[in-house]
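Here the structure comes first, spelled out in structure tokens, and everything after it is commentary.
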Amino acid sequence: MMKVKILIAADQSFATDDLISSLGNDDSFELLDSVNTRKTLVNTLSQAVPDILILDINMPLLDGIDTLTALAQKYPSVRTVAISNYASLRLITEIRKLGAKGYLLSNTPFHYFKKIVLEIYGGLNWGEYLENDEEQPTSYYLSADFKAFHLTKREIEVIQLMNKQFNTNEISDFLYLSEFAIQTIKENIFLKLGIQNENQLISFAKENKIVD
């Protein structure tokens, strides 16, 4: 049986390590490489073109939005599956417009990840794969202290910078993420906490000792 060639462009994390290990132990896939910068990704693609590219759109050293645009022009045959910590409809819509063939949360269970990737490899054009709550796990949290608020480490960083009165552009520069990514993170925080604006957010963060 021909194996599906996979290239992963993602930050090192427990979720990524688990994915790499699972791919390496599954006869359906051949893992070509795992990279964590745009330069390394481009160099790797120049030597070996995968069937499926798993692209972490939140990587600090690889802006997923810009990368998707570039890949669509230079490597149109590559089927890109975006992964992210954020289930934002705005982000999903943008990713779809830029040519990604699918969108998965980064901590999606491997059995579900495998099913979707094989369907995409077989010609499925698009899927958000976020509709079935029974299939999806709760988000992976880097700090147990904030699990009750459903906030990730990156979201905490953004809140702390907002508390220091950084604007979206300044946060973008500080975290090496696009302004679009920062705005998406903000929207996701508001959605999770049921908060309407930044002033309410900062008050909430101080009350709950998320910021000093």
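Taken together, the values in this text are just the output of simple stated rules run on the coordinates, not laboratory data. Quick caveat, the model's predicted, so the values are computed rather than measured. Neighbour counts run over all protein chains shown; Cβ positions are idealised from the backbone, glycine included.
Give me the tail of P(r) for region 151-212 as a percent: Cα-Cα pairs with distance above 15 Å.
More than 15 Å apart: 42 percent of the Cα pairs in region 151-212.
Students often forget the sequence filter, so: which lysines lie under 26 Å Cα-Cα from residue 164 once same-chain residues fewer than 8 apart are removed?
Within the straight-line cut-off, residue 164 pairs with 147, 153, 186, 192, 206, 209.
Work out the FRET efficiency for residue 157 and residue 2 from their Cβ-Cβ distance, taking R0 = 30 Å, and round it to the nearest 0.05.
Taking R0 as 30 Å, the efficiency between residue 157 and residue 2 is 0.10.
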